[in-house]
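The values are calculated or read from the model by the stated rules, or taken from the named source; none is laboratory data. As the structure is a prediction and not an experimental result, all values here were calculated from the model. Neighbour counts run over all protein chains shown; Cβ positions are idealised from the backbone, glycine included. Please note that ligands, DNA and RNA were not included when accessible areas were found on the heavy atoms of the full protein model with its side chains. Shrake-Rupley method; radii C 1.70, N 1.55, O 1.52, S 1.80 Å.
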Amino acid sequence: MRSSDILIVDDEVGIRELLSEILQDEGHTVAVAENAEVARQLRSQTRPALVLLDIWMPDCDGVTLLKEWGKSGLLNMPVVMMSGHASIDTAVEATRIGAFDFLEKPIALQKLLSTVQRALKYGDMQANTSLNLDKLGKSEPIYELKRQLERVSKVKSPVLLTGEPGAGFELVARFFHHGSAPWVTPAKPEQLADAPLELLQKANNGVLYLSEIGQYNRRIQQGLLFLLSKLDRFNVRLVCSCSRPLQELLVDPECDNRLLTALSSVIIPIPPLRDHAEDIMLIAEQLLTELVESKQVPARKLTTSALNALRQYEWPGNLEQLRGIIKSLALTAEADSIDAPEVNKVLSQFRHDKPAAESGFDFTLPLRELREQLERRYFEHHIALENGNMSRVAQKVGLERTHLYRKLKQLGVRFTRKQLEE
């Protein structure tokens, strides 16, 4: 196997040195971090091919760091968790968040090497599919998307990707990333206001990707405006994504219209999954193949009727929702084949097909109470639809997260601390 950049994050110097020596002997290049803060710095500079991440560290535990990378769009490489005394629940939680695998200390040599090999193979597969956009399908809407991207690739203007949540923004953004050029995503949006030049230096001659700019406050927007004026100096390609409708942003008093004007020269809409439903069967099979080959799920196969059931669903959460459903089906299936009844059972949790007349609202109530009842049901619907991910709920309903939490508290809608952290 070719040499690869592997990042080892562990607070025990002996373990760092031992793993580093073993992997270097296997022909890999290795970077080490003694804590989460150093790991953050290294990750912000470059995307490693693989991360070996200790769960228990003094400044920040590995699961929290994994969540942080996931929320900021930096979890686009395989991460293998390590621990000598983690519970099964902790390992399951890390896998659910996005960890590729789990190694128990002391780590057997063959187990280490085989896990590293599988993880790197999975990472290569992800990178390859990202480059050719096959993961989005082969229908006419996707071919048109590719044609737009190819036309835009010839110019250096900033690119604004628009679409619904879960539409595959980073997958499309990586079309503009080539070879070993830097790919930089801020760990926190506040970096745009606090250290814009530092971000540009890291992304020099590469790509700076900013996700969900529609959620930025005024201060961060001003930092982005300053950064836009310096792109040419650092030869940086800026790619932004936004799942809030642009018409909504234009009338939002918190949004600086100068920013939208500066980013409006190249706007590329990503079609929602329902607009290229003919691709759903192909995408579902690709996603399942990746999961099986990377050993994240047992060997499974989707029957034709199961694929048809997936195609008939509207997919409001788009590609990310489809990926989550496929993984859930593969993990919970009792047989090697996944059939339509299993698909429909899972999808039924997300369907809300009752007509308005049967919705259960009491129209004898005073208007204020009826409105609160409707709002309560509205927010509960979106919380259930997004599996309690409050960040995505905020995007869907068009509210800042702080405003959303205040509204939910006012309405008496309960949400757990776990949901807040996801």
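Only protein heavy atoms count here; on that basis, with a 1.4 Å probe, ASP25 has an accessible area of about 130 Å². For segment 228-355, the normalised intensity computed at q = 0.17 Å⁻¹ comes to -0.89 (log10 of I(q)/I(0), Debye sum over alpha carbons, equal scatterers, no solvent). Reported to the nearest whole Å, the Cα centre-to-centre distance from segment 238-311 to segment 100-119 is 32. The residues LEU66, LEU367, sorted by heavy-atom accessible surface at 1.4 Å with ligands and nucleic acids left out, run LEU367, LEU66 from largest to smallest. Its Cα gyration tensor gives segment 90-205 an equivalent ellipsoid. The semi-axes, each the square root of 5 times an eigenvalue, are 31, 21, 15 Å from largest down. In the context of the full set of protein chains, the chain has a per residue accessible area of 49 Å² (1.4 Å probe). Scalar couplings 3J(HN,Hα) for segment 391-399, obtained by applying the Karplus form with A = 6.51, B = -1.76, C = 1.60 to θ = phi - 60°, are 5, 5, 4, 4, 5, 4, 8, x, 10 Hz; x denotes Gly and Pro.
Across all Cα atoms of the chain, the radius of gyration (one decimal) and Dmax (whole number) stand at 22.4, 76 Å.
Here the accessible area is traced with a 1.4 Å probe on the protein chains. For the chain, carbon and sulfur cover 51 percent of it. Full extension of the chain between GLU285 and LYS111 gives 59.8 nm of extra length, using 0.36 nm per residue less the Cα-Cα distance. Projected onto planes of every orientation and averaged, the convex hull of the alpha-carbon atoms in segment 208-292 covers 7.8 nm².
Stokes-Einstein D for segment 1-98 at 20 °C, 1.002 mPa s, Kirkwood Rh over Cα pairs, in µm²/s? My calculation gives 158 µm²/s for D. For ARG274, what charge total do you get from the other residues with a beta carbon under 12 Å from its beta carbon, if Lys and Arg give +1 and Asp and Glu give -1? Summing Lys/Arg as +1 and Asp/Glu as -1 gives -4.
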